[in-house]
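I'd like to ask you about the structure that follows.
Every number in this text was worked out from the coordinates using simple rules, so none of it is lab data. Here the structure is a predicted model, which is why all the values come from computation and not from measurement. In this analysis, Cβ positions are derived from the backbone assuming ideal geometry, glycine residues included, and neighbour counts consider all displayed protein chains.
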Amino acid sequence: MNKLLHYLNPIAHLGEQKYSTFFPLIVTIASAVLVELYVNFVLRNPEAVGLFAIFIFVALIIYFSFREGIKGGLITSTVTILYYLYIIYSQHYTGERLRSGLETTLIFAVTYFLVAGIIGWLKQKIDSLIEREANEKRRLQTIIQQLPVGIIITDNKGIVVEVNKKVESILGINIPLNFQIGSKVLLQSDINDKPVTCNNSPIMYVLTHGKSIVSKEYRVVRKDNKEIYTQVSASPIHNKDGKIIAAAEIITDVTEQKELEKRKDDFVNMASHELKTPITSMKLYIDLLMKYLKNYNDATSIKILDNIKNQTNKLQKLVNDLLDVSRLQTGKLSFSKENFKLDELIAEVIELLKGSSKHNIIFRNTNSITISADRFRIYQVITNLITNAIKYSPYTSDIIIKLKKQKGEVLISVMDFGIGVAKDQQKKIFERLYQVNDDKEKTFPGFGMGLYIAKEIIKRHKGRIWVESEKGKGSTFYVSLPTD
Ligand code: ADP
């Protein structure tokens with residue numbers, strides 16, 4: 001019975017794009033025969049045929065044009081019109097009656113064909129739209145399944161409507177369709193070990209806040225107790241009126257990358273530790289040798305040794321930077337606060353750098369400012385900013401350093417008139433190992449560690465560091481440190 005109802009239900013066949021000729025033809029002819037038998041043998045009144053002929057056949061035309069498209073509608077209309085002509089013929093219409101009968105049949109024919117055409121066309125249009133959408137969905141599903149990253153798509157309530165197999169292989173659990181995101185914690189904590197609750201899982205977050213999450217790292221402890229690291233991006237999907245209708249999440253397994261990075265960091269840490277001691281000894285021996293040579297007044301040897309000392313200092317700076325970077329990575333860079341005069345510290349750095357640079361370093365300050373911070377680390381930051389100002393302004397001389405006390409903070413600025421930093425690079429230069437990559441820039445030696453270390457030091461002091469610059473005109477680096 002259910003099968004029969006399903007077969008007869010025209011809505012159940014939407015999108016199928018299969019149109020039968022036989023079914024409407026047989027049903028319409030059978031209906032005509034049944035109507036004939038009924039009026040002739042049950043009602044015994046052939047004249048009563050008119051009412052049946054209109055209602056039953058109009059219903060059939062609508063039904064078949066909606067079920068079988070234009071062709072079904074036209075077949076039903078044609079059989080109906082032929083039946084009307086048969087009625088005129090079998091009831092021996094003559095004269096005026098025959099004329100008006102034929103006229104009415106003609107009007108019916110035009111109306112029926114028109115109705116069948118319009119409904120059939122609409123039905124076929126709907127079918128092709130449904131088919132197109134289904135194809136689109138299939139294409140999307142195939143792409144989603146093939147992707148090397150995990151993908152979850154949910155509706156606006158966080159119920160999974162699409163998910164690929166990669167998600168299971170990354171997270172170690174099967175997420176079925178209709179799974180409610182947030183009903184179970186999938187990602188245990190973010191990279192700072194902040195636990196992920198049901199409400200702040202990436203999908204629920206983007207659905208409630210309407211904001212995207214970009215490449216955020218999460219730690220996952222799988223059922224098999226394997227700890228993995230994932231990088232997750234999630235974003236809400238809006239309709240054309242801006243209403244959130246769905247959310248998509250992309251999960252990438254970055255465990256291997258992390259392990260590799262850790263091995264690399266461990267190696268750098270170990271290598272720089274191992275290098276530190278011999279460099280310190282080398283410097284001691286150089287100083288000893290220098291003292292010794294001075295007794296002999298051997299100017300050439302002293303000059304050579306001076307060069308060796310300079311190169312050793314550079315090497316030591318590099319090793320110290322490497323150590324700092326790896327300590328920052330592992331959170332092992334310690335700070336010890338003390339009260340000191342910032343203006344004196346800046347003057348000290350300038351004094352030291354003036355000796356090795358031809359630049360005109362100007363310090364504009366009127367106040368004595370005492371702050372509480374790690375003196376050695378702030379010294380390191382100021383040295384780095386002024387060294388950079390010198391390094392990246394090879395054709396101009398002035399470098400202006402200002403120190404200002406303003407509400408709740410002290411502001412240090414280091415201004416040069418050198419090569420400048422393009423707008424799109426101004427945030428990136430503070431990233432680890434980032435160097436501006438254009439031909440001109442490549443001629444400057446460096447490793448892209450200084451500003452990263454400076455940024456991290458200032459961050460740990462709850463301060464800010466940034467740059468304002470125009471390419472080709474110079475840069476001003478700012479450091480703001482809280483005084484409260
Ligand atoms: P390094 O100077 O060793 O390459 P830094 O981290 O100190 O590393 O600087 C990162 C990048 O920022 C540099 O490679 C350079 O491109 C850019 N930069 C830093 N300071 C300046 C400056 N004063 N003027 C122009 N570019 C600068």
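Out of the residues in the range 400-421 that are of a type in the set (Val, Ile, Thr) and either within 12 Å of ARG364 (Cα to Cα) or in contact with a Leu (Cβ under 8 Å, 6 or more places away or on another chain) (or both), which is farthest from the ligand (Cβ to nearest atom)?
Out of the qualifying residues, it is VAL410.
Mind listing just one residue for me: the one in the range 172-195 that is in contact with a Ser or Thr (Cβ under 8 Å, 6 or more places away or on another chain) and touching a residue at least 12 places away in the same chain (Cβ under 8 Å) and, of those, surrounded by the fewest Cβ atoms within 10 Å (Cβ to Cβ)?
Let us first name the residues in the range 172-195 that are in contact with a Ser or Thr (Cβ under 8 Å, 6 or more places away or on another chain), namely 181-182, 185-187, 195.
Narrowing the set further to residues that are touching a residue at least 12 places away in the same chain (Cβ under 8 Å) leaves 181-182, 185-187.
On the way: ILE181: 22, GLY182: 20, VAL185: 13, LEU186: 26, LEU187: 22.
Applying the filter and picking the extreme gives VAL185.
Restricting attention to the range 196-220, and to residues there that are of a type in the set (S, T, N, Q) and within 21 Å of ASN156 (Cβ to Cβ), which single residue is surrounded by the most Cβ atoms within 10 Å (Cβ to Cβ)?
This residue is SER201.
Still on this structure, I have one more. Yes or no: SER357 touching a His at 6+ places or on another chain (Cβ under 8 Å) and of a type in the set (S, T, N, Q)? Even if it seems obvious, please write down each step before you answer.
Details: touching a His at 6+ places or on another chain (Cβ under 8 Å): no; of a type in the set (S, T, N, Q): yes.
For SER357, the condition - touching a His at 6+ places or on another chain (Cβ under 8 Å) and of a type in the set (S, T, N, Q) - is not met.
Looking at the range 193-221, which of its residues are in contact with a Leu (Cβ under 7 Å, 6 or more places away or on another chain) and part of a loop (DSSP other than H, G, I, E, B)?
Taking the range 193-221 first, the residues in contact with a Leu (Cβ under 7 Å, 6 or more places away or on another chain) are 196, 201, 218, 220.
The answer is VAL196, SER201.
Which condition number in (1) within 9 Å of the ligand (Cβ to nearest atom); (2) without any contact (Cβ under 8 Å) to a residue 24 or more places away in the chain; (3) not hydroxyl-bearing (Ser, Thr, Tyr) is the one that ASP424 fails?
(1)
On to the next question. Please determine whether any residue of the range 59-76 is more than 26 Å from GLU131 (Cα to Cα) and surrounded by fewer than 17 Cβ atoms within 10 Å (Cβ to Cβ).
Yes - at least one qualifying residue is present in the range 59-76.
The rows are residues; the columns are (1) within 16 Å of the ligand (Cβ to nearest atom); (2) surrounded by fewer than 18 Cβ atoms within 10 Å (Cβ to Cβ); (3) not in a helix (DSSP H, G or I).
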position	(1), (2), (3)
ASP306	no, yes, no
LYS314	yes, yes, no
ASN320	yes, yes, no
LYS332	no, yes, yes
ASN339	no, yes, yes
ILE371	no, no, yes
GLN380	yes, no, no
LEU385	yes, no, no
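Let me ask you something else. Of all residues in the range 448-474 being exposed (fewer than 13 other Cβ atoms within 10 Å of the Cβ) and not small (Gly, Ala, Ser), which is farthest from the ligand (Cβ to nearest atom)?
Quick first cut of the range 448-474, residues exposed (fewer than 13 other Cβ atoms within 10 Å of the Cβ) only: 462, 470, 472-473.
Subset that is not small (Gly, Ala, Ser): 462, 470, 473.
Numbers: LYS462: 21, GLU470: 11, LYS473: 10 Å.
Result: LYS462.
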